[in-house]
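Working notes for the structure below.
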Amino acid sequence: MGKGKGKVGSKPNKANDVCIHCREKGHWKRECPKLLSSAGTFVIEVLERSRKLSRDEVVLKLGHGKAVAAEAVGIVHLVVSDQVRIELKDCYNVPSMIKNIISHSLLDNVGFEFMINKNHFYLMKNGSSHLLGKLHNGLYILQQHDLIMTAQNKCKMDNQDNAQIWHARLGHISQDRIKRLVDSKSLKIDDLDHLPACKSCLKGKMTKKPFVGQSTLASGLLDLIHSDVCGPLNTQARGGFFYFITFTDDHSRYGYVYLIRYKSEAFGRFKEFRLEVENQTGRKIKTLRSDRGSEYLSGEFLDYLKENGILSQ
(Lines give C-alpha, C1' and ligand atoms only; values in the text may rest on other atoms or scores of the structure.)
Protein backbone atom coordinates (compact mmCIF):
# COMPACT_ATOMS: atom_id res chain seq x y z
CA MET A 1 0.00 0.00 0.00
CA GLY A 2 1.48 3.33 -1.00
CA LYS A 3 1.88 6.22 1.36
CA GLY A 4 -0.04 9.40 0.80
CA LYS A 5 1.80 12.54 -0.05
CA GLY A 6 1.24 15.58 2.09
CA LYS A 7 2.01 19.18 1.28
CA VAL A 8 4.98 20.63 3.04
CA GLY A 9 4.26 24.12 4.35
CA SER A 10 6.65 26.97 3.78
CA LYS A 11 9.11 27.75 6.51
CA PRO A 12 7.84 30.56 8.72
CA ASN A 13 9.68 33.86 8.41
CA LYS A 14 9.98 35.59 11.75
CA ALA A 15 11.31 38.78 10.15
CA ASN A 16 7.76 39.87 9.36
CA ASP A 17 6.12 38.36 12.44
CA VAL A 18 5.11 40.39 15.47
CA CYS A 19 5.95 39.19 18.97
CA ILE A 20 2.73 38.69 20.94
CA HIS A 21 4.50 39.80 24.12
CA CYS A 22 6.23 43.09 23.24
CA ARG A 23 4.42 43.78 19.92
CA GLU A 24 7.71 44.31 18.09
CA LYS A 25 8.70 42.72 14.77
CA GLY A 26 11.61 40.43 14.06
CA HIS A 27 11.23 37.74 16.70
CA TRP A 28 8.74 35.44 18.39
CA LYS A 29 7.62 35.34 22.00
CA ARG A 30 9.94 32.48 22.92
CA GLU A 31 12.89 34.61 21.74
CA CYS A 32 11.63 37.91 23.15
CA PRO A 33 14.43 39.75 25.02
CA LYS A 34 11.81 41.26 27.31
CA LEU A 35 10.56 37.84 28.39
CA LEU A 36 13.44 36.24 30.25
CA SER A 37 12.81 32.53 30.45
CA SER A 38 14.65 29.75 32.22
CA ALA A 39 16.07 26.76 30.43
CA GLY A 40 14.44 23.81 32.13
CA THR A 41 15.22 24.83 35.68
CA PHE A 42 14.22 27.58 38.05
CA VAL A 43 17.56 29.34 37.57
CA ILE A 44 16.88 32.63 35.78
CA GLU A 45 19.60 34.62 34.10
CA VAL A 46 18.62 38.24 34.44
CA LEU A 47 20.01 40.38 31.66
CA GLU A 48 21.74 43.64 32.42
CA ARG A 49 20.07 46.72 30.99
CA SER A 50 21.45 50.21 31.16
CA ARG A 51 18.25 52.00 30.16
CA LYS A 52 15.37 52.77 32.46
CA LEU A 53 12.64 50.24 32.94
CA SER A 54 9.07 50.86 31.98
CA ARG A 55 6.02 49.10 33.32
CA ASP A 56 5.98 45.35 32.59
CA GLU A 57 9.14 45.69 30.49
CA VAL A 58 11.08 43.03 32.39
CA VAL A 59 9.03 39.89 32.90
CA LEU A 60 10.68 36.78 34.31
CA LYS A 61 9.24 33.47 33.20
CA LEU A 62 9.86 30.60 35.60
CA GLY A 63 10.35 27.00 34.65
CA HIS A 64 6.78 26.02 35.53
CA GLY A 65 5.39 28.63 33.14
CA LYS A 66 4.42 31.37 35.60
CA ALA A 67 5.53 34.89 34.70
CA VAL A 68 6.49 37.44 37.34
CA ALA A 69 7.35 41.12 36.90
CA ALA A 70 10.33 42.96 38.34
CA GLU A 71 9.51 46.05 40.37
CA ALA A 72 12.93 47.60 40.95
CA VAL A 73 16.52 47.43 39.77
CA GLY A 74 19.58 48.24 41.84
CA ILE A 75 22.87 47.05 43.29
CA VAL A 76 23.13 43.98 45.53
CA HIS A 77 26.14 43.25 47.75
CA LEU A 78 26.77 39.56 48.39
CA VAL A 79 28.79 39.23 51.59
CA VAL A 80 30.71 35.96 51.24
CA SER A 81 33.11 36.52 54.14
CA ASP A 82 34.60 39.30 56.19
CA GLN A 83 37.15 39.87 53.44
CA VAL A 84 34.99 39.26 50.35
CA ARG A 85 32.08 41.45 49.40
CA ILE A 86 30.72 41.04 45.86
CA GLU A 87 28.89 43.90 44.19
CA LEU A 88 26.28 42.74 41.69
CA LYS A 89 24.90 45.51 39.51
CA ASP A 90 21.55 45.72 37.75
CA CYS A 91 19.87 43.16 39.98
CA TYR A 92 16.10 42.96 39.76
CA ASN A 93 13.82 43.00 42.76
CA VAL A 94 10.92 40.57 42.30
CA PRO A 95 8.80 40.53 45.51
CA SER A 96 6.67 37.61 44.30
CA MET A 97 9.72 35.30 44.32
CA ILE A 98 10.53 33.85 47.72
CA LYS A 99 14.12 32.87 46.83
CA ASN A 100 17.11 34.99 45.89
CA ILE A 101 18.49 33.80 42.56
CA ILE A 102 21.96 34.72 41.30
CA SER A 103 23.06 34.21 37.73
CA HIS A 104 26.40 32.59 36.97
CA SER A 105 26.97 35.23 34.29
CA LEU A 106 26.74 38.07 36.82
CA LEU A 107 29.41 36.46 38.99
CA ASP A 108 31.55 35.92 35.93
CA ASN A 109 31.19 39.59 34.96
CA VAL A 110 32.75 40.73 38.23
CA GLY A 111 35.85 38.54 37.75
CA PHE A 112 35.01 35.41 39.75
CA GLU A 113 35.49 31.87 38.51
CA PHE A 114 32.76 29.39 39.22
CA MET A 115 33.97 25.92 40.27
CA ILE A 116 31.94 22.81 41.10
CA ASN A 117 33.48 19.91 43.05
CA LYS A 118 31.66 17.00 44.72
CA ASN A 119 28.25 18.67 44.68
CA HIS A 120 29.69 21.86 46.17
CA PHE A 121 30.31 25.08 44.28
CA TYR A 122 32.94 27.68 44.95
CA LEU A 123 33.92 31.13 43.82
CA MET A 124 37.58 31.61 43.00
CA LYS A 125 39.52 34.84 42.54
CA ASN A 126 43.20 35.67 42.88
CA GLY A 127 44.03 32.12 43.95
CA SER A 128 41.58 31.96 46.87
CA SER A 129 38.33 30.00 46.88
CA HIS A 130 35.16 30.64 48.83
CA LEU A 131 32.44 28.07 49.39
CA LEU A 132 29.06 29.39 48.31
CA GLY A 133 26.76 26.38 48.64
CA LYS A 134 25.95 22.86 47.61
CA LEU A 135 23.71 20.88 45.29
CA HIS A 136 20.15 20.28 46.49
CA ASN A 137 17.33 18.82 44.36
CA GLY A 138 19.06 19.75 41.13
CA LEU A 139 19.86 23.31 42.20
CA TYR A 140 22.92 24.84 43.77
CA ILE A 141 21.61 26.46 46.93
CA LEU A 142 23.45 29.46 48.30
CA GLN A 143 24.51 29.28 51.93
CA GLN A 144 23.26 31.87 54.39
CA HIS A 145 25.26 34.77 53.04
CA ASP A 146 24.04 38.28 53.50
CA LEU A 147 22.38 40.01 50.58
CA ILE A 148 22.30 43.76 50.99
CA MET A 149 20.26 45.86 48.60
CA THR A 150 21.83 49.30 48.39
CA ALA A 151 19.91 52.46 49.03
CA GLN A 152 20.59 53.65 45.50
CA ASN A 153 17.93 51.34 44.06
CA LYS A 154 16.16 52.68 41.05
CA CYS A 155 12.43 52.24 41.45
CA LYS A 156 10.78 50.71 38.44
CA MET A 157 9.08 53.86 37.26
CA ASP A 158 10.10 56.83 35.19
CA ASN A 159 10.47 60.37 36.45
CA GLN A 160 6.99 61.27 35.32
CA ASP A 161 5.52 58.64 37.63
CA ASN A 162 7.79 59.86 40.40
CA ALA A 163 6.43 63.40 40.26
CA GLN A 164 2.91 62.11 39.82
CA ILE A 165 3.14 59.90 42.91
CA TRP A 166 4.34 62.80 45.06
CA HIS A 167 1.48 64.88 43.72
CA ALA A 168 -0.95 62.17 44.90
CA ARG A 169 0.83 61.59 48.22
CA LEU A 170 0.59 65.27 49.09
CA GLY A 171 -3.17 65.36 48.59
CA HIS A 172 -3.14 66.38 44.92
CA ILE A 173 -1.61 69.77 45.62
CA SER A 174 -0.83 72.15 42.78
CA GLN A 175 2.37 72.08 40.77
CA ASP A 176 3.37 75.47 42.19
CA ARG A 177 3.20 74.19 45.76
CA ILE A 178 5.27 71.13 44.84
CA LYS A 179 7.81 73.46 43.22
CA ARG A 180 8.11 75.43 46.46
CA LEU A 181 8.84 72.19 48.31
CA VAL A 182 11.48 71.29 45.73
CA ASP A 183 13.05 74.76 45.95
CA SER A 184 13.20 74.48 49.75
CA LYS A 185 14.98 71.09 49.40
CA SER A 186 12.06 69.31 51.10
CA LEU A 187 11.53 67.15 48.01
CA LYS A 188 13.81 65.94 45.25
CA ILE A 189 11.98 65.75 41.95
CA ASP A 190 13.92 66.26 38.73
CA ASP A 191 11.11 66.31 36.20
CA LEU A 192 8.46 68.49 37.80
CA ASP A 193 8.08 70.44 34.56
CA HIS A 194 6.82 67.28 32.85
CA LEU A 195 4.14 66.44 35.42
CA PRO A 196 1.19 65.07 33.41
CA ALA A 197 -2.39 66.11 33.95
CA CYS A 198 -3.93 64.27 36.91
CA LYS A 199 -7.14 62.46 35.96
CA SER A 200 -8.46 62.58 39.53
CA CYS A 201 -7.92 66.34 39.73
CA LEU A 202 -9.64 66.89 36.39
CA LYS A 203 -12.65 64.82 37.42
CA GLY A 204 -12.87 66.55 40.79
CA LYS A 205 -12.92 70.00 39.20
CA MET A 206 -15.60 69.19 36.65
CA THR A 207 -18.79 71.20 37.02
CA LYS A 208 -22.12 71.07 35.30
CA LYS A 209 -23.59 74.22 33.87
CA PRO A 210 -26.95 75.16 35.42
CA PHE A 211 -30.09 74.78 33.41
CA VAL A 212 -31.02 78.27 32.31
CA GLY A 213 -34.26 77.29 30.63
CA GLN A 214 -37.25 79.56 31.14
CA SER A 215 -40.61 78.08 32.01
CA THR A 216 -43.46 79.27 29.83
CA LEU A 217 -46.96 79.16 31.26
CA ALA A 218 -50.04 78.52 29.22
CA SER A 219 -51.49 81.70 27.74
CA GLY A 220 -55.02 81.19 29.05
CA LEU A 221 -57.18 79.39 31.60
CA LEU A 222 -57.70 75.67 30.97
CA ASP A 223 -55.30 75.66 28.01
CA LEU A 224 -53.20 73.07 29.88
CA ILE A 225 -54.22 70.92 32.85
CA HIS A 226 -51.66 68.88 34.83
CA SER A 227 -52.93 65.75 36.55
CA ASP A 228 -51.48 63.02 38.74
CA VAL A 229 -52.65 60.24 41.05
CA CYS A 230 -51.01 59.72 44.45
CA GLY A 231 -51.28 56.52 46.49
CA PRO A 232 -51.96 54.06 47.87
CA LEU A 233 -51.67 55.81 51.23
CA ASN A 234 -50.57 53.91 54.33
CA THR A 235 -53.53 55.20 56.31
CA GLN A 236 -57.04 54.89 54.99
CA ALA A 237 -58.97 58.17 54.92
CA ARG A 238 -62.56 58.47 56.07
CA GLY A 239 -64.85 56.91 53.54
CA GLY A 240 -62.32 54.23 52.59
CA PHE A 241 -60.14 56.42 50.35
CA PHE A 242 -56.58 55.28 49.65
CA TYR A 243 -55.75 57.62 46.71
CA PHE A 244 -56.22 61.19 45.63
CA ILE A 245 -56.05 62.80 42.18
CA THR A 246 -55.00 66.36 41.42
CA PHE A 247 -55.85 68.71 38.55
CA THR A 248 -53.78 71.92 38.26
CA ASP A 249 -54.32 74.70 35.75
CA ASP A 250 -50.97 75.68 34.21
CA HIS A 251 -51.94 79.33 33.65
CA SER A 252 -53.41 80.22 37.05
CA ARG A 253 -51.68 77.44 39.09
CA TYR A 254 -55.06 76.81 40.69
CA GLY A 255 -55.59 73.19 41.67
CA TYR A 256 -58.28 70.71 42.57
CA VAL A 257 -57.92 67.59 44.74
CA TYR A 258 -60.33 64.65 44.72
CA LEU A 259 -60.25 61.60 46.99
CA ILE A 260 -60.65 58.24 45.23
CA ARG A 261 -60.73 54.64 46.42
CA TYR A 262 -59.17 53.13 43.28
CA LYS A 263 -57.10 54.41 40.39
CA SER A 264 -59.86 53.40 38.01
CA GLU A 265 -61.94 56.28 39.39
CA ALA A 266 -59.60 58.80 37.73
CA PHE A 267 -61.74 58.98 34.60
CA GLY A 268 -64.91 59.78 36.51
CA ARG A 269 -63.17 62.47 38.58
CA PHE A 270 -61.83 64.12 35.44
CA LYS A 271 -65.30 64.38 33.96
CA GLU A 272 -66.50 65.89 37.23
CA PHE A 273 -63.62 68.37 37.25
CA ARG A 274 -64.14 69.32 33.59
CA LEU A 275 -67.82 69.95 34.01
CA GLU A 276 -67.23 72.30 36.94
CA VAL A 277 -64.34 74.38 35.62
CA GLU A 278 -65.68 74.79 32.10
CA ASN A 279 -69.03 75.88 33.47
CA GLN A 280 -67.42 78.35 35.90
CA THR A 281 -64.93 79.92 33.47
CA GLY A 282 -66.74 79.64 30.17
CA ARG A 283 -63.60 78.18 28.61
CA LYS A 284 -62.71 74.72 27.31
CA ILE A 285 -59.95 72.35 28.44
CA LYS A 286 -57.51 72.02 25.54
CA THR A 287 -54.75 69.72 26.85
CA LEU A 288 -54.46 67.17 29.67
CA ARG A 289 -50.90 66.37 30.72
CA SER A 290 -50.18 63.36 32.97
CA ASP A 291 -47.46 60.78 33.69
CA ARG A 292 -49.11 58.46 31.13
CA GLY A 293 -50.11 56.02 33.84
CA SER A 294 -52.52 53.22 33.06
CA GLU A 295 -55.37 55.14 34.72
CA TYR A 296 -55.07 57.80 32.00
CA LEU A 297 -54.67 55.38 29.10
CA SER A 298 -57.81 53.31 29.39
CA GLY A 299 -59.86 53.00 26.22
CA GLU A 300 -62.85 54.94 27.50
CA PHE A 301 -60.64 57.75 28.85
CA LEU A 302 -58.77 58.19 25.55
CA ASP A 303 -61.99 57.98 23.53
CA TYR A 304 -63.58 60.62 25.74
CA LEU A 305 -60.65 63.01 25.26
CA LYS A 306 -60.68 62.45 21.51
CA GLU A 307 -64.43 63.03 21.22
CA ASN A 308 -64.16 66.32 23.09
CA GLY A 309 -61.09 67.62 21.24
CA ILE A 310 -58.78 67.41 24.28
CA LEU A 311 -55.14 66.56 23.62
CA SER A 312 -53.52 63.90 25.84
CA GLN A 313 -49.86 64.43 26.78
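The values are calculated or read from the model by the stated rules, or taken from the named source; none is laboratory data. Keep in mind the model is a prediction, meaning the values are calculated, not measured. FYI the Cβ positions are ideal-geometry reconstructions off the backbone, even for glycines, and counts take in every protein chain you see.
What tally of residues in the stretch 195-212 results from selecting those that are surrounded by 10 or more Cβ atoms within 10 Å (Cβ to Cβ) and either in a loop (DSSP other than H, G, I, E, B) or in contact with a helix residue (DSSP H, G or I) (Cβ under 8 Å, 6 or more places away or on another chain) (or both)?
Counting residues in the stretch 195-212 that are surrounded by 10 or more Cβ atoms within 10 Å (Cβ to Cβ) and either in a loop (DSSP other than H, G, I, E, B) or in contact with a helix residue (DSSP H, G or I) (Cβ under 8 Å, 6 or more places away or on another chain) (or both) gives 4.
Can you pull out the residues in the stretch 263-313 that are among the aliphatic types (A, V, I, L, M), under 50 Å from the mean Cα position of the chain (by Cα) and more than 14 Å from Leu222 (Cβ to Cβ)?
Leu297
Please verify whether Arg55 is surrounded by fewer than 17 Cβ atoms within 10 Å (Cβ to Cβ), among the basic types (Lys, Arg) and at pLDDT 70 or above, treating the condition exactly as stated.
Considered against the rule, which asks whether it is surrounded by fewer than 17 Cβ atoms within 10 Å (Cβ to Cβ), among the basic types (Lys, Arg) and at pLDDT 70 or above, Arg55 comes out as no.
Could you give me the residue pairs with C-beta distances under 8 Å whose first residue belongs to the stretch 121-135 and is assigned by TED's automatic domain parsing to the domain that holds Leu107, whose second residue is at pLDDT 70 or above and part of a loop (DSSP other than H, G, I, E, B) wherever it lies, and which are 6+ apart or on separate chains?
Partner pairs satisfying both residue conditions: Leu123/Phe112; Met124/Phe112; Lys125/Gly111; Lys125/Phe112; Lys134/Asn119; Leu135/Asn119.
Just to check your reading of the model, which residue among Ser186, Ser215, Ser219, Ser174 is exposed (fewer than 12 other Cβ atoms within 10 Å of the Cβ) and touching a His at 6+ places or on another chain (Cβ under 8 Å)?
Just one listed residue meets the conditions, Ser219.
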